[in-house]
């Protein structure tokens, strides 16, 4: 069967009504759980099994013996808590589950932990138990029997069962964590509220919720394979999509929380892969499609475009609907090779490290860290490549590094001002799996003599206390470059977002003082930011056109959008930045919807920054417009609210 017909048939199967629901769907339309990416929300309790009998099912315990969940039940209530070692949200909820287990241990409540990943090793599970100090029975539901009996949907779901084996609550632990947000404290302690109510003989106020987490792969029903399924296989088709777009992060030693480098690993997470690719969460790329340069599905103006084409997304959905056929292993692509050295830029000429490790707590949120590191350089140097290496990248959200001249570095007032400002423009940056940057030939950044590097670091606790002492490595040029690379920002430091505003807009602009070429864009807002757009207009305001449109901004991914070809920005033109914010209670990441939000350095504040990386066409790097690099372009490009 031609591939197009396979895709059409598979998608039709996937969109059938409940009477013809695709194999593996466990709920009718009236009680189907929302996307595993959605924040916790109340669901129809009866439709999700509240009040029904929970059957006994066996799975191997960590000592190798087969155990059923009832062997670990409590006198009054039992919490069956699903988990996975590598699921990021399971890791975040781990300390909360451990605390709740301890708090209710003397009230007749016991926990049974059910690992539903199918790929975690016994040693990894034992380490999870030791790290969290879990006391309850821990079983490995590798075959999915317990998950199937519970009709479980995600790896973070918890099920509260009373002494008669009746389900009284199912859903999220709390609303503290989601796929794209973290709160300092939960607003709703859903599991604890349910336990308190059940222990008092009351019906929980909320009996069932969705639970954001990694999707659990449902068992494939007999007869689910559609005709022509052999036309889409893992070995020939899906493995190539995963190899091109996923394994750079999702590999052993990569930034991703788990590898996707085998048929078993991908098939075990197929439903989650379908969810995140269909919703555009993965691979992380949020730019709206721009006019294509050339032909082909990936002839994008962005050299680092990670997005999947619609045909690739459809192929993944069709493969799952067809029963996830493996195909012939001889059709597999050659495995990708990655540099074995930790330094992707090559051996650095100089390395600058934080003077002492920074302690990272297990859960909640942390304020930004600001650390100054002297370079000790006796003379100006030209940097052609830079790389930031955390010692524990799993807890590093993003890093901005600013180069301070000698006078600024020694002035604590100026250091604090720059830490809170950021509109000056960064010198180097880090986001997960994008820690290294090598500039094109003939280009370099300047690192002044006797300068210091100001590290602004955003750490995100992930369920286990740790520490980090990151390093920054550089490669120096042997001779002055032809082009001096700088960073400027379209910024509105006077922003004011009213309480409860659902779609608040802020605007700023910069007038270009000299012929320039833009190399890349890096928009930056905090957790209320929802969209950002760059535009450019002629000097008289006419001819305004979009350069980069991000209709769904995600604070969790501080992406750099790198142009395939430098963009001309002529003298006198005006660069416009427009940002939208959601300060309403509907925003699950919003720390306080009752607050008027203004500019500030912490996540609970906001920023409106549209960074650009650029060079001036006619600038001599040895005689730059601003020899001290204390503003330069920024002083000439005035930001203003419109």
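Residues in the stretch 507-552 that are in a loop (DSSP other than H, G, I, E, B) and loosely packed, with under 15 Cβ neighbours inside 10 Å: 9 in all. Taking the criterion of being part of a loop (DSSP other than H, G, I, E, B) and at pLDDT 50 or above, the residues of the stretch 224-238 that qualify are 232, 233. Within the stretch 350-368, the residues that satisfy the criterion of being in a loop (DSSP other than H, G, I, E, B) and out of contact with any helix residue (DSSP H, G or I) (no Cβ under 6 Å at 6 or more places or on another chain) are 354, 355, 356, 357, 361, 364, 365, 366, 367, 368. Here is the figure for the stretch 163-212: residues that are part of a loop (DSSP other than H, G, I, E, B) and on the phi > 0 side of the Ramachandran plot total 2. Scanning for something over 27 Å from residue 443 (Cα atoms), surrounded by fewer than 22 Cβ atoms within 10 Å (Cβ to Cβ) and at pLDDT 90 or above, does the stretch 473-490 turn up at least one residue? No, that holds for no residue. The lone criterion from (1) within 24 Å of the chain's Cα centre (by Cα); (2) at pLDDT 95 or above left unmet by residue 555 is number (2). Note on the stretch 65-156: enclosed strands (runs of 3 or more DSSP E) holding 1 or more residues that are surrounded by 24 or more Cβ atoms within 10 Å (Cβ to Cβ) are 77-83, 109-115, 137-140. Among 314, 380, 305, which is the only one that is under 24 Å from residue 243 (Cβ atoms) and either touching a helix residue (DSSP H, G or I) at 6+ places or on another chain (Cβ under 6 Å) or in the same structural domain as residue 392 (by TED's automatic domain parsing) (or both)? It is 314.
The values are calculated or read from the model by the stated rules, or taken from the named source; none is laboratory data. The structure displayed is predicted, hence computed values, not measured ones. Virtual Cβ from ideal backbone geometry, glycine too; neighbours counted across all protein chains shown.
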